[in-house]
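Visitor: Let me begin by handing over the structure; questions about it come next.
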Amino acid sequence: MQKRELSPVTNLVIKIGSSLLTDGGSVSYPRVERIVDAVARVKREVANISLVSSGAIACGFKQLGFTKRPASI
């Protein structure tokens, strides 16, 4: 198999799941800080970065008073 060189990346989408943003139902600020640092390092080399997360509900779970996942909306 012949190696080929890839073009430089100009657009990057990063998807971060809720398990990376939370720890036991609350926001894990040390984890978020590490993610921010990593994205900032990548941003120096990539023109456009989109950050996508499914973590909004998971991050607010305890603050909303839930003890278990709701069965309905």
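Visitor: Between a residue in segment 1-21 that is at negative phi and among the hydrophobic types (A, V, I, L, M, F, W, C) and any residue that is surrounded by 10 or more Cβ atoms within 10 Å (Cβ to Cβ) and in a loop (DSSP other than H, G, I, E, B), which pairs come within a Cβ distance under 6 Å, given they are 6 or more apart or on different chains?
Guide: VAL9/VAL46; LEU12/VAL46; LEU21/GLY55
Visitor: Can you tell me which residues in segment 34-73 are farther than 30 Å from SER7 by Cα and in a helix (DSSP H, G or I)?
Guide: If the condition is that a residue be farther than 30 Å from SER7 by Cα and in a helix (DSSP H, G or I), then ALA56, ILE57, ALA58, CYS59, GLY60 are the ones that fit.
Visitor: Condition first: surrounded by 10 or more Cβ atoms within 10 Å (Cβ to Cβ) and not in a loop (DSSP other than H, G, I, E, B). Now tell me which residues in segment 22-33 satisfy that.
Guide: In the first step, residues of segment 22-33 are kept if they are surrounded by 10 or more Cβ atoms within 10 Å (Cβ to Cβ); the result is 22-23, 25-29, 31-33.
THR22, ASP23, SER26, VAL27, TYR29, ARG31, VAL32, GLU33 - these are the residues of segment 22-33 that are surrounded by 10 or more Cβ atoms within 10 Å (Cβ to Cβ) and not in a loop (DSSP other than H, G, I, E, B).
Visitor: Just to be sure before I move on: is ALA71 open to solvent by 60 Å² or more (accessible area, probe 1.4 Å) and either modelled with pLDDT of 85 or more or not acidic (Asp, Glu) (or both) in the structure I sent? Even if it seems obvious, please write down each step before you answer.
Guide: Working: open to solvent by 60 Å² or more (accessible area, probe 1.4 Å): yes; either modelled with pLDDT of 85 or more or not acidic (Asp, Glu) (or both): yes.
For ALA71, the condition - open to solvent by 60 Å² or more (accessible area, probe 1.4 Å) and either modelled with pLDDT of 85 or more or not acidic (Asp, Glu) (or both) - is met.
The values are calculated or read from the model by the stated rules, or taken from the named source; none is laboratory data. Worth saying up front: this structure is predicted, and the values here are computed from it rather than measured. Please note: Cβ atoms are built from the backbone with ideal geometry, for glycine as well, and neighbour counts cover all protein chains shown. Just so you know, the surface numbers come from the protein's heavy atoms only, side chains and all, with ligands and any DNA or RNA stripped out. Shrake-Rupley method; radii C 1.70, N 1.55, O 1.52, S 1.80 Å.
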